[in-house]
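The values are calculated or read from the model by the stated rules, or taken from the named source; none is laboratory data. Predicted model only: the values in this text are computed from it and were never measured. Heads up, the Cβs are rebuilt from the backbone with ideal geometry, glycines too, and the neighbour counts pull from every protein chain shown.
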Amino acid sequence: MSDFDSEEVATRLREEIARQRLSRARLAENARLSISTLEKTLSGRRRFTLATVVRLEEALGASLRDEVAPQATGPSLAPAEMGSYARPAVRWIEGEYLTLRASFGEEGAVYAYRTEIRWSAAKGHLVFAESNRVDATFEQAGFVSMPHLSGHTYLMTSEEGQYRMIMLGRATREARMFGLLSTLQVGQGSQLVPVSCPVALVPIGQIEEPVFGLVRESDERGAEYRGVLDAALEADYCRLRR
């Protein structure tokens, strides 16, 4: 038995990959691991060994394990600027979601990837991390704000003063969440242009064999994914105005 939780390590590893903008191939090379080993451990098909974790920590320059028992670390409430929520009140949101957003480059297409939301015992608040993105270099990781006054949930990425935000309305009975994503898109040359689009988070267990990546309307899951995403505007979870 190891002194760490393999699933916790995988989640933290995905966060660091997103935060440091690393490709999995480069990380595997730096950690002296095969890309196959890295992919299997991240997907849960193989447990992490202590030797693998140590190599990854050295390559990342970051810890993937709690140094002390989780119950002895971190505050009992999230910071006031995140909504002062306690874990028992937000357990319902923890889990993995199929995330759908409109494609920025192809009309009618939907971009699909995975988002995991979990409680960080060390930090004392919810965190999230993205994975299964085709453009893995841009995978995001950050903190979750849940202020009581608005009833909305905010997935925030903050990197050297730059912010990217997903604002989600109250969950449906099926625990699905809809809202608006605001980020930066590469424009002409090196120019970055603010862009927003509807977004949907669906508990991944509700989708049989989810497909990730760019899904066009003509693809097998195209109509299904488009129907889910369209609910964001049709049910008034967000509005786009000019």
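Annotations for the structure displayed:
- Looking across the stretch 148-162, the residues that are of a type outside the set (Asp, Glu) and surrounded by fewer than 16 Cβ atoms within 10 Å (Cβ to Cβ) come down to 148, 149, 150, 151, 158, 161, 162.
- Residue in the stretch 205-214 that is in a strand (DSSP E or B) and under 21 Å from the mean Cα position of the chain (by Cα) present: yes
- Scanning the stretch 21-46 for residues that are surrounded by fewer than 14 Cβ atoms within 10 Å (Cβ to Cβ) and assigned to a loop (DSSP other than H, G, I, E, B) yields 21, 23, 32, 34, 44, 45.
- Condition check for residue 107: more than 14 Å from residue 141 (Cβ to Cβ), touching a strand residue (DSSP E or B) at 6+ places or on another chain (Cβ under 6 Å) and of a type in the set (D, E, K, R): no
- Residue check, residue 239 outside any loop (DSSP other than H, G, I, E, B), among the charged types (D, E, K, R) and closer than 25 Å to residue 143 by Cα: no
- Residue in the stretch 89-99 that is in a loop (DSSP other than H, G, I, E, B), at pLDDT 85 or above, acidic (Asp, Glu) and at negative phi present: yes
- Enumeration of residues in the stretch 103-136 that are crowded, with 17+ Cβ neighbours inside 10 Å, at pLDDT 90 or above and of a type in the set (Ser, Thr, Tyr): 111, 113, 115
- Residue in the stretch 205-220 that is basic (Lys, Arg) and either touching a strand residue (DSSP E or B) at 6+ places or on another chain (Cβ under 6 Å) or over 22 Å from residue 136 (Cα atoms) (or both) present: no
- Subset tally (residues that are of a type in the set (Lys, Arg) and part of a strand (DSSP E or B)) for the stretch 104-133: 2
- Residue 139 at pLDDT below 95 and not basic (Lys, Arg): yes
- Filtered residue count, the stretch 196-218, keeping only those that are in contact with a Ser or Thr (Cβ under 7 Å, 6 or more places away or on another chain) and either not hydrophobic (A, V, I, L, M, F, W, C) or not assigned by TED's automatic domain parsing to the domain that holds residue 230 (or both): 1
- On the stretch given as the stretch 72-105, residues that are without any contact (Cβ under 8 Å) to a residue 40 or more places away in the chain and hydrophobic (A, V, I, L, M, F, W, C) total 4.
- In the stretch 9-50, the residues that are basic (Lys, Arg) and free of Cβ contacts under 8 Å to residues at least 12 places away in the same chain: 26, 40, 45, 46
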